[in-house]
Structures are given as structure tokens and as C-alpha cells.
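Report on the structure given below.
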Amino acid sequence: MIRFDGVTKKYPDGTVAVDDLSLTAPTGKITVLVGPSGCGKTTSLRMINRMIEPTSGLISLDGQDTGRMNEAQLRRGIGYVIQHAGLFPHRTVVDNVGTVPRLLGWDKKETLERSRELLDRVGLAPELADRYPSQLSGGQQQRVGVARALAADPPVMLMDEPFSAVDPVVRDQLQDVFLDLQSELGKTIVFVTHDIDEAIKLGDQVAVLRVGGKLAQISDPAYLLAHPVDDFVADFVGRDRGYRSLQFQPAPKLPLTSERTLLLGESTAGVSGDWVLVVDDSHRPLGWVEPARVSGEVTSEHLHRGGTVARASGSLRGALDAALSSPSRRGVVVDDEGELVGTVRAHEVLSLIEATDRPDEDRADAFAEEGA
Amino acid sequence: MIASILEWLTSSATWSGEAGLGARIVEHLWYSLLAVVIAAAVAVPLGLWVGHTGRARWLVSLANSLRAVPTLGLLFAVALWLGPKISGELAFLIPSVVVLVILVIPPILSGVYAGVEAVDPATRDAARGMGMRGMEVVRQVEIPNALPLILSGLRSAFLQVIATATVAAYIGLGGLGRYLVDGIKTGDYVSTAGGAVVVSVLALLVDGVLALVQRLVVSPGLTGGRTGRTRRGRSEPTTASTSPTTSTGSSTRSPARSGMSAGDGGVDSHAT
């Protein structure tokens, strides 16, 4: 657990970067610090590993005052992922990953094994191990950055806009890799971003900071979207927050309708109706066809692929989006193996939403207790 | 003329004996190496310290202003001052080496300082963030990343010292300068020109060896290696730090090295 107690950072020229910040980053959870530039989020992060010293206030790590710890030892016990990765250009990928273990005095063989294992875990091919950072793409460098931070298996990780410098598709992949890793490792993570979508996707807890380094609101993402505390937070979390908050509401039992399906290659003869769903041999949905427009066998070219696919175990957002994006207006729902279980209509999802309570005060409290 | 120089260079009489060309080359290299080693022992730690801490940058400017001191004048001054206090051959060796050390401290110091200074701040920040202590940052991050500039400083130092070590002959010491000084005195221009040619070839050879060393010790991650991708902010400081070295060097010291135009020109054009 990382605790900020009335932490202030004031520079000699009078600029206040962080103003009386108090918050707790619970053990095993991801706490995201988010806010516009100049809100002191990076400064706050860097005060945890004492890359920046607070002017006043106390930061503690599992109850121990970090100000009294040896700086180098403190940092070796904290994984640090830096914007643009900050890899050592003169070291190979595998040696970059092994940096902290070597500082901690692990022997070469042990370090090498651990580094290779981590490269695998972050999804990098083994042949990249002996490359140099300049030979990698931005996304690959970031993966190395994450692996390097994890190398000595620190209980705490600090991540400073780690995915901001890569394109949106790669960012999405990296976020998924990161969430996968976290579900296995359960690190205590403080994550800085200026991207509210990223904050909501990754955070167990989101702290919104305003310019001047003041904490505006801290809560779990669903509650933040449902109950922004003031206009600043409301503006910052964005206009479509109502829709996005659905992503935190697990779909209850969806009222599914079974579909008449066609196999790819089957003839449409004798099939009526506007739209018919085409599936593969394992009953996985492939796309919709209009039987009237197809004479003979259904081929891949006939398929309309515009619709998204929702998981039965997923969120209400997924279910609603599947219904809204489907050309037949019937949202395709699959099980965890990707096999078709039925379809759902938008009004059915909406009535479920209306029947569900919005996240309320009780829920926020429950989260805080669980976190502590 | 060229034919007689070639004849002089290939004749066994030129090479043999205690005062032969072979022995002179060894002497010449010995003075040069001694000067560079002593200068590096001073300038490398100093440059690392200034670059690492960012303190006392004026030391680098001060050292660079030493480049304006005429080598030959300094040599006579030091020899007159120190000579009587020392006995034997050291009375000649020490002043010569002192002068050469002063000559090559600036290029080594600027190379080391510029190299450390040019290390990407993000890289240094990452090193500290990983928990490296001051000396660990210097050894594991700053030196390896500064190596291309450190070595180009050393190369430039070797080029200058080999060209300039000829001045030792003015105060009666050996080395290749003997051919220049004695040749001019006796009107034996063939050995003068021959000596100059040997000086330039020697400088080029040593530079070639150092270039090879540079290729072996500098991390391929810094040179772009197989991909040919250049790192941002790396190429610029390289040219910025080496070009003043050679341009100020040739303009301010050329009067002190009259009669060595062949070696001088060859050296400088190679260094840039």
C-alpha cells in the first residue's frame, strides 16, 4: 500500500506542482492518476520513488516513510516504467531487462533466465532478445520497458504514461497484455496517464487531478463516470460517460433469441427473412447475409461484417453495442469459446439497464474498504 | 625529389642503428603514448566528473583556451625553467612530455565531457529510476554511451601528439623530429621530407588502429548497427565537438610546427 499524506511539491520559483495530496494506492490494485498537463500527476508519481523530493508531507510504502529509506534501495524495490520506455541504447534487450537483477547482485545465468522468461510474458519473440532498442518498434520498446520493470519481481510498480507514445491499435494491445499480467501478478501499481479512456479501462481506482496539483476526485471508474463530483471532473471524463459507464455493469442474464443460421457454403434456397446469420463449422458467427441478394451458395464475399459481437459474460456496453451495430438490429452474443448463443435487441438491453441500479455511494465505500 | 625520398625510406642504412628510423619511430611513439596516458589520467576522470555533475564547466573552457598556447614557445619556457633542476636525459624528456600533455588534455577533456553531456537525459533518468547510484550511472550508462565521443577525443589527441612530438628534437631529444630539425640544419631536405612522411604515415596508422578499437568497443546499439537507424541527438554533438578541435588546432599551432606541413596537412584532413 502506498499512502500520500498531505504531500506538497513547491518549486523555488513558487510554482506548486502538487498541492496537499492525500490518497492511498491499495495493495494489489491499479491506481490511475489522470488529469490535464500541469496537474502534477507525473510529479506525484516520481515522488514515490524519490526521483523528486516532496516539499512537505509524507509518502509511505506499507507503513514505512520513504523519506527515511535509502534512495537506491527504495528504487530497486519499485518497478519503474517510463514514457517512451527510456531503454538503455547501448544494451541489448535482454540486458536492459536484467538491469535491476544485476544491480541486486543476481548472478548472470539467473538474470538471463529471468529476463528471457519476462520477454516471453510480455509477448516478445525470443529472437528479439539480442537486438538493441534502436532496432525495435515503439510498441516493442514499451514491452521491454514493462519487462525491465518487472524483472526483480517488485511488489510495487510505477508507470509514467507508458503507452502514450504508440499508435491506438498497439496501445490497445499493450493495455490488454498489461491487464493480463496484472491479473496474474497482482502488483500494487500507480499508473499515470492523460487519457481518461485508458484510466477507466485500466484503473481499479482513478484519481482525477486538476491543474495546480489538487486532487479533484478519487473513486472506482464506474462511480467516477456516474457521479462526477464537479464540472471539471464531468468535463474531463467526457460526454459519452453514460454509455461508457455501461462497461462496468456485467450483463445479467440476457433475454436471448435463438437464430436461424446458415453454414458458409450452404445455399440460401428456401431461406426467407431480411437477415440471416452465417456461422462456421464450430458454430462461431461469421457475419450476416440478406438471402434475397444471394442466389446459390453463401460465400465469404456476401457477408456483412459490420456488427460487433458481445460475450454473454461481458458487460452491458458490449451487449448494447452489438445490438446497435448489427445490420439486422439483432446483437450477436457468444459464449467464452466464441460459439453463438443467441441474439439480443437494443430495447431488451435498455430495459435491463433501466432495471439496474446506478453505482452509488455504498458501492464506492465498499470498494474503499476492500482496497484498504 | 620523390624518388630520392623513396630511396631514403627504403635504404637499410636509414633504418639501422641506434639512431636509425626504427629506433626513432619507437622513441616517437613512446613520447606520444606517455603524453596521452598522462593526459588521459587527468582529463578522463575530470571530464566524467564535469559531465556527470554538470559542475565546473569552466574547466573545459579553460582547457580549450590552452589550445592557443604555442607549443614550441611553451617547450622552450618549460625546458629553461625545469631543465636545470633535473639531471640526465630526464631534463629533456620531462619538459617535452609536459608540453605534449598540455597539448592533448583539451581534446581528451572535451571529448569525455561532450560525450557524457550528450547522453540522453531520459536514459540517465531511467538509470537513476532503476536504482543506480552515482558511480553505477557513470560506469554502466554514461561511459558506454559517451564512448564514441571519448574515443574520438582520444583519436584526435593521438593525431596531434604524433604530429607535434617532433618538437622534442628542438631541445635535443630523439624521435622523428630529429630528421626534421637536423635535416633543415644541414640542408638535407630528403631526410627532412622523409621524416615528415613517416610522421604522417605513423599518425594515420595509429588513427586506423584506434578506429578499429572504436568499432570493437562501442556498443552496436549506439552506432545504429545493421538497421542503419540513427539515434536522435547523437550525430550532432560528434561533429560539434571534433571540428573545433582540429580547426583551432591547426590555426593556432602551425607557426610552432614549421617544416612539418606534409604531416600536418595529412593529419588534419584525416581528423575532420
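The values are calculated or read from the model by the stated rules, or taken from the named source; none is laboratory data. Because the structure is a prediction, the values reported are computed rather than measured. Cβ sites come from the backbone with ideal geometry, for glycine too, and all protein chains shown count toward neighbours.
Look at segment B:1-29 and say how many of its residues are free of Cβ contacts under 8 Å to residues at least 40 places away in the same chain and under 25 Å from the mean Cα position of the chain (by Cα).
Summing the residues that are free of Cβ contacts under 8 Å to residues at least 40 places away in the same chain and under 25 Å from the mean Cα position of the chain (by Cα) in segment B:1-29 gives 3.
State all residues of segment B:95-147 that are at the interface with chain A (Cβ under 7 Å from one of its Cβ atoms), touching a residue at least 60 places away in the same chain (Cβ under 8 Å) and either within 15 Å of B:Ile38 (Cβ to Cβ) or surrounded by fewer than 24 Cβ atoms within 10 Å (Cβ to Cβ) (or both); if no residue qualifies, say none.
B:Pro144
In segment A:199-218, how many are of a type in the set (A, V, I, L, M) and under 12 Å from A:Gly38 (Cβ atoms)?
Qualifying residue count, segment A:199-218: 2.
Checking A:Thr42 against (1) part of a helix (DSSP H, G or I); (2) farther than 25 Å from B:Met130 by Cβ; (3) of a type in the set (Val, Ile, Thr), only one condition comes out false. Which one?
The single condition A:Thr42 does not satisfy is (2).
Would you check if there is a residue in segment B:159-174 being away from every other protein chain (no Cβ under 14 Å), modelled with pLDDT under 85 and under 19 Å from B:Tyr113 (Cα atoms)?
No: segment B:159-174 contains no residue that is away from every other protein chain (no Cβ under 14 Å), modelled with pLDDT under 85 and under 19 Å from B:Tyr113 (Cα atoms).
Taking the condition touching a residue at least 12 places away in the same chain (Cβ under 8 Å) and either of a type outside the set (D, E, K, R) or part of a loop (DSSP other than H, G, I, E, B) (or both), does A:Gly338 pass?
Taking the combined requirement at face value, the residue satisfies it.
Return the total of residues in segment A:148-186 being farther than 22 Å from A:Gly38 by Cα, surrounded by 18 or more Cβ atoms within 10 Å (Cβ to Cβ), charged (D, E, K, R) and under 14 Å from the mean Cα position of the chain (by Cα).
1
Can you tell me how many residues within segment A:267-302 are surrounded by fewer than 15 Cβ atoms within 10 Å (Cβ to Cβ) and under 21 Å from A:Arg345 (Cα atoms)?
Here the count works out to 4.
Can you tell me which residue within segment A:62-82, out of those that are outside any loop (DSSP other than H, G, I, E, B), without any contact (Cβ under 8 Å) to a residue 60 or more places away in the chain and hydrophobic (A, V, I, L, M, F, W, C), is surrounded by the fewest Cβ atoms within 10 Å (Cβ to Cβ)?
Within segment A:62-82, the match that is surrounded by the fewest Cβ atoms within 10 Å (Cβ to Cβ) is A:Ala72.
So if I check each of B:Ala211, B:Ala193, which one is modelled with pLDDT under 90 and assigned to a helix (DSSP H, G or I)?
Among B:Ala211, B:Ala193, only B:Ala193 is modelled with pLDDT under 90 and assigned to a helix (DSSP H, G or I).
For residues that are surrounded by 24 or more Cβ atoms within 10 Å (Cβ to Cβ) and at pLDDT below 90, scanning just segment A:83-106, find the one that is farthest from the other protein chains (Cβ to nearest Cβ).
Across segment A:83-106, the extreme among qualifying residues is A:Ala85.
Residue-by-condition table, conditions (1) in contact with a helix residue (DSSP H, G or I) (Cβ under 6 Å, 6 or more places away or on another chain); (2) of a type in the set (A, V, I, L, M, F, W, C); (3) at pLDDT 85 or above; (4) not in a loop (DSSP other than H, G, I, E, B):
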{"site": "B:Leu62", "(1), (2), (3), (4)": "no, yes, yes, yes"}
{"site": "B:Arg67", "(1), (2), (3), (4)": "yes, no, no, yes"}
{"site": "B:Pro84", "(1), (2), (3), (4)": "no, no, no, yes"}
{"site": "B:Pro95", "(1), (2), (3), (4)": "yes, no, no, yes"}
{"site": "B:Val99", "(1), (2), (3), (4)": "yes, yes, yes, yes"}
{"site": "B:Val104", "(1), (2), (3), (4)": "yes, yes, yes, yes"}
{"site": "B:Gly115", "(1), (2), (3), (4)": "yes, no, yes, yes"}
{"site": "B:Ala127", "(1), (2), (3), (4)": "yes, yes, yes, yes"}
